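Participant: Just passing along the structure, written as structure tokens.
The values are calculated or read from the model by the stated rules, or taken from the named source; none is laboratory data. Everything numeric in this text was worked out from a predicted model, so none of it was measured. Here the Cβ is made from the backbone with ideal geometry for all residues, glycine too, and neighbour counts use every protein chain on show.
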Amino acid sequence: MPAQPLQLDLPKVIGHRGAKSHAPENTLASVQLAHAQGARWVEVDVKLTADGVPVLMHDDRVDRTTDGHGAVRDMTLGEIRRLDAGRWFSEAYAGERVPTLEEFLDLAAGLGLGINLEIKPCAGRERETAEAALELARRHWPAGLPVLVSSFAVPSLEAAMAAAPDWPRGYLMDEEAPDWRGTADRLAAATINVNARRQTAESVAAYRATGRPVLCYTVNDPARARVLFGWGVAGVFTDAPLEMLAGLGG
Ligand code: G3P
Ligand code: MG
């Protein structure tokens, strides 16, 4: 299948896990701050609790980003909600909770943000994570606001394609997959989302030659962003929307 026709007005700057440099990642406070700093879109990571509830979390374990210990896949929503997801970052954020996807969607919609839901499944839960996230998001996300669903996990993108065929998908890669063109076509991917550090003018040109906009993670230096834009990259994920937008001149 060719590239999905993209209706999205992609921004040049997307807040990565909210505003990860300035607030605890993947929290509501981080999303609010990214918006306050001028980001029009935010990216968040979505995982499933033991009882199947989609929450915002990057790692397989809660240890790095909360005051708790354990694997997300083994913890119920109730257990995860008791954790503090802000104090590890700074005392100013003490009391922040791990948000449910539903809470995030309500906040982002209220702020009028575009969103990139990165499906970040624990191993073995690739399909069910995408299915649960999309079942919820289809009910909660307003029709007029932009959404992009991405994943490194091809089975998650396949499940997203079945659950929400009309929602654009971003094919995420770190190392370039040998058959990335075929996979992007099969998934009818709308965008190619790649590691900025691995890119060259040639790699970006090859992705763009398939008709797909290219998004790059994670770029915190405006000078590097300018180089990427010069190669035709459409947008960058940044931990620091304020500095990036200022460095790019608004
Ligand atoms: O979606 C872009 C980027 O977030 C992918 O990498 O590990 O930060 O989720 P990671
Ligand atoms: Mg991510």
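Participant: How many residues, within region 146-194, are loosely packed, with under 15 Cβ neighbours inside 10 Å and either in contact (Cβ under 8 Å) with a residue 40 or more places away in the chain or hydrophobic (A, V, I, L, M, F, W, C) (or both)?
Facilitator: Looking only at that region, the number is 2.
Participant: Output the residue which, of all residues in region 91-124 that are surrounded by fewer than 21 Cβ atoms within 10 Å (Cβ to Cβ) and charged (D, E, K, R), is farthest from ligand 2 (Cβ to nearest atom).
Facilitator: Going through the qualifying residues, I end up with Glu91.
Participant: A follow-up question, please. Where the second residue is modelled with pLDDT of 95 or more and within 14 Å of ligand 2 (Cβ to nearest atom) and the first is of a type in the set (Val, Ile, Thr) and lies in region 17-30, which pairs have Cβ atoms under 7 Å and are six or more apart or on separate chains?
Facilitator: Thr27/Gly18
Participant: Could you tell me whether any residue of region 49-62 is within 16 Å of ligand 1 (Cβ to nearest atom), touching a residue at least 12 places away in the same chain (Cβ under 8 Å) and under 17 Å from Gly112 (Cβ atoms)?
Facilitator: no
Participant: Looking only at residues that are away from ligand 2 (no atom under 14 Å from the Cβ) and either modelled with pLDDT under 95 or in contact with a strand residue (DSSP E or B) (Cβ under 9 Å, 6 or more places away or on another chain) (or both) in region 12-26, which one is farthest from Leu248 (Cα to Cα)?
Facilitator: Looking only at region 12-26, we keep the residues that are away from ligand 2 (no atom under 14 Å from the Cβ), and these are 12-13, 21-24.
Right, trim to either modelled with pLDDT under 95 or in contact with a strand residue (DSSP E or B) (Cβ under 9 Å, 6 or more places away or on another chain) (or both) and you get 12-13, 21.
Numbers: Lys12: 10, Val13: 10, Ser21: 18 Å.
Top of the filtered list is Ser21.
Participant: Further, regarding this structure: For region 63-76, which positions are touching a strand residue (DSSP E or B) at 6+ places or on another chain (Cβ under 8 Å), surrounded by fewer than 17 Cβ atoms within 10 Å (Cβ to Cβ) and in contact (Cβ under 8 Å) with a residue 12 or more places away in the chain? Steps first, answer last, please.
Facilitator: Of region 63-76, the ones touching a strand residue (DSSP E or B) at 6+ places or on another chain (Cβ under 8 Å) are 69-73.
Still in the list and also surrounded by fewer than 17 Cβ atoms within 10 Å (Cβ to Cβ): 69-71.
Scanning region 63-76 gives a single hit, Ala71.
Condition check ((1) away from ligand 2 (no atom under 16 Å from the Cβ); (2) part of a loop (DSSP other than H, G, I, E, B)) across all residues:
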site: Trp167; (1), (2): yes, yes
site: Ala189; (1), (2): yes, yes
site: Arg226; (1), (2): yes, no
site: Val236; (1), (2): no, no
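Participant: Can you confirm whether region 108-130 contains a residue that is out of contact with any helix residue (DSSP H, G or I) (no Cβ under 9 Å at 6 or more places or on another chain) and free of Cβ contacts under 8 Å to residues at least 40 places away in the same chain? Step through it out loud before you land on a result.
Facilitator: Filtering region 108-130 down to residues out of contact with any helix residue (DSSP H, G or I) (no Cβ under 9 Å at 6 or more places or on another chain) leaves 110, 116, 118.
Narrowing the set further to residues that are free of Cβ contacts under 8 Å to residues at least 40 places away in the same chain leaves 110.
Yes, the conditions are met somewhere in region 108-130.
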